[in-house]
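The next block holds one structure in the form of structure tokens; read it before the comments.
The values are calculated or read from the model by the stated rules, or taken from the named source; none is laboratory data. This is a predicted model, so every value here is computed, not measured. Here the Cβ positions follow ideal geometry from the backbone for every residue, glycine too, while neighbour counts run over all protein chains shown.
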Ligand code: UDP
Ligand code: MG
């Protein structure tokens, strides 16, 4: 809670809450009610991005949007992935303060009030740090902890370990983030990279409300590789170091082989040569693989495809204004028109 002070603290003119949603029919209703209750004190909008759900999520979202004009729904044309969906939501958010949150209720919407209060006190970016993670497998916790350590060693940005995508961004920070057009997106790293005044708030991460994680093993691996390759050149340099090391060993080996040869013409070296060839071949393939990861990303970047494609939008400006919006009881309470989307 914000401490009581005499100078009036700034208040968001419009608070946008952005959540990507993929096959969450069991819990989307619960999420919307809790999120709405959590931000009821503000002029707010909920921006829900349907990331190509194949269950009943799309219909549920449309129904919610019909009942409440403050709920904006963006249906993507297929599943583009968590980070792309989140980007779609951020680009559609009109608020001067924007919160990104997972729809599965692992990030408690009730924390938004505390995040906004940090913003009122001058923070531009507020990230939520999970003090505890309920209902995650030991495997997920172990791999996540390994990833954060590795990322910390390799990458040039200081990412707080155990901080997820649950973040609040000021309009300035958000515009800076949206000006980063790269395709392989690791949003939590990018929000740190933009700088500004960053603050943390702590929370206990709950178990998923219902349904199951949409991140499979291979998606997690892909995501980690994306994160590291987007923020670090160390893997590329690793290849160079490995090359220098093995070439060094080879140079040392040359005189050794010559001397052995001069001392005794019989050289039972078949085994060691095979090992050396395999080892060097392995190192070369790994180095090629590392280069391939980066070349693949360069290819993705130069194609410059859109990050996502929108199939349909509900309640998205400028269609929805106090004058033209769908009739709903909530409209009566509207006083000011929210600022137009910037950028
Ligand atoms: N999500 C999405 N597209 C995807 C995968 C996930 O929009 O391809 C959404 C999902 O509905 C949830 C959030 O992203 O709101 C986080 O996903 P999840 O809970 O599966 O990830 P985890 O918490 O296990 O890392
Ligand atoms: Mg989750």
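Below is a table of values for the structure above.
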quantity: Residues (more than 22 Å from residue 27 (Cα to Cα), surrounded by fewer than 16 Cβ atoms within 10 Å (Cβ to Cβ) and in contact with a strand residue (DSSP E or B) (Cβ under 9 Å, 6 or more places away or on another chain)) located in region 201-220; calculated: 202
quantity: Subset of region 51-83 that is under 13 Å from residue 32 (Cβ atoms) and not in a helix (DSSP H, G or I) - its residue that is farthest from the chain's Cα centre (by Cα); calculated: 68
quantity: Close pairs (7 angstrom Cβ cut-off, 6 or more residues apart or separate chains): modelled with pLDDT of 80 or more in region 201-228, within 14 Å of ligand 2 (Cβ to nearest atom) and not in a loop (DSSP other than H, G, I, E, B) anywhere; calculated: 201/128; 203/128; 203/130
quantity: Qualifying residue in region 11-32 (condition: surrounded by fewer than 20 Cβ atoms within 10 Å (Cβ to Cβ) and more than 26 Å from residue 213 (Cβ to Cβ)); calculated: yes
quantity: Some residue of region 139-151 being at pLDDT 85 or above, outside any loop (DSSP other than H, G, I, E, B) and under 16 Å from the mean Cα position of the chain (by Cα); calculated: no
quantity: Pick from region 120-152, criterion touching a strand residue (DSSP E or B) at 6+ places or on another chain (Cβ under 6 Å) and either under 12 Å from residue 200 (Cβ atoms) or without any contact (Cβ under 8 Å) to a residue 40 or more places away in the chain (or both), ranking: surrounded by the fewest Cβ atoms within 10 Å (Cβ to Cβ); calculated: 131
quantity: Count - residues of region 90-138 that are within 16 Å of ligand 2 (Cβ to nearest atom) and assigned to a helix (DSSP H, G or I); calculated: 2
quantity: Single match in 36, 70 (criterion: away from ligand 1 (no atom under 11 Å from the Cβ) and either surrounded by 21 or more Cβ atoms within 10 Å (Cβ to Cβ) or modelled with pLDDT under 90 (or both)); calculated: 70
quantity: Of all residues making up region 153-177, the number that are surrounded by fewer than 17 Cβ atoms within 10 Å (Cβ to Cβ) and closer than 26 Å to residue 104 by Cβ; calculated: 2
quantity: Region 16-47: number of residues that are in a strand (DSSP E or B) and more than 20 Å from residue 313 (Cβ to Cβ); calculated: 0
quantity: Filtered residues of region 90-106 (kept if more than 17 Å from residue 119 (Cβ to Cβ), within 14 Å of ligand 1 (Cβ to nearest atom) and either at pLDDT below 90 or touching a helix residue (DSSP H, G or I) at 6+ places or on another chain (Cβ under 7 Å) (or both)); calculated: 103, 104, 105, 106
quantity: Selection count, region 171-198, where residues are in contact with a strand residue (DSSP E or B) (Cβ under 7 Å, 6 or more places away or on another chain), in a loop (DSSP other than H, G, I, E, B) and closer than 13 Å to residue 86 by Cα; calculated: 0
quantity: Pairs with Cβ under 6 Å, 6+ apart, first in region 70-87 and within 15 Å of residue 102 (Cβ to Cβ), second assigned to a strand (DSSP E or B); calculated: 82/20; 85/20; 85/49; 86/20; 86/100
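This table checks each residue for (1) in a loop (DSSP other than H, G, I, E, B); (2) within 23 Å of residue 282 (Cα to Cα); (3) within 16 Å of ligand 1 (Cβ to nearest atom).
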{"site": "157", "(1), (2), (3)": "yes, no, no"}
{"site": "166", "(1), (2), (3)": "no, no, yes"}
{"site": "169", "(1), (2), (3)": "no, no, no"}
{"site": "200", "(1), (2), (3)": "no, no, no"}
{"site": "212", "(1), (2), (3)": "yes, no, yes"}
{"site": "215", "(1), (2), (3)": "yes, no, yes"}
{"site": "228", "(1), (2), (3)": "no, yes, no"}
{"site": "239", "(1), (2), (3)": "no, yes, no"}
{"site": "246", "(1), (2), (3)": "no, yes, no"}
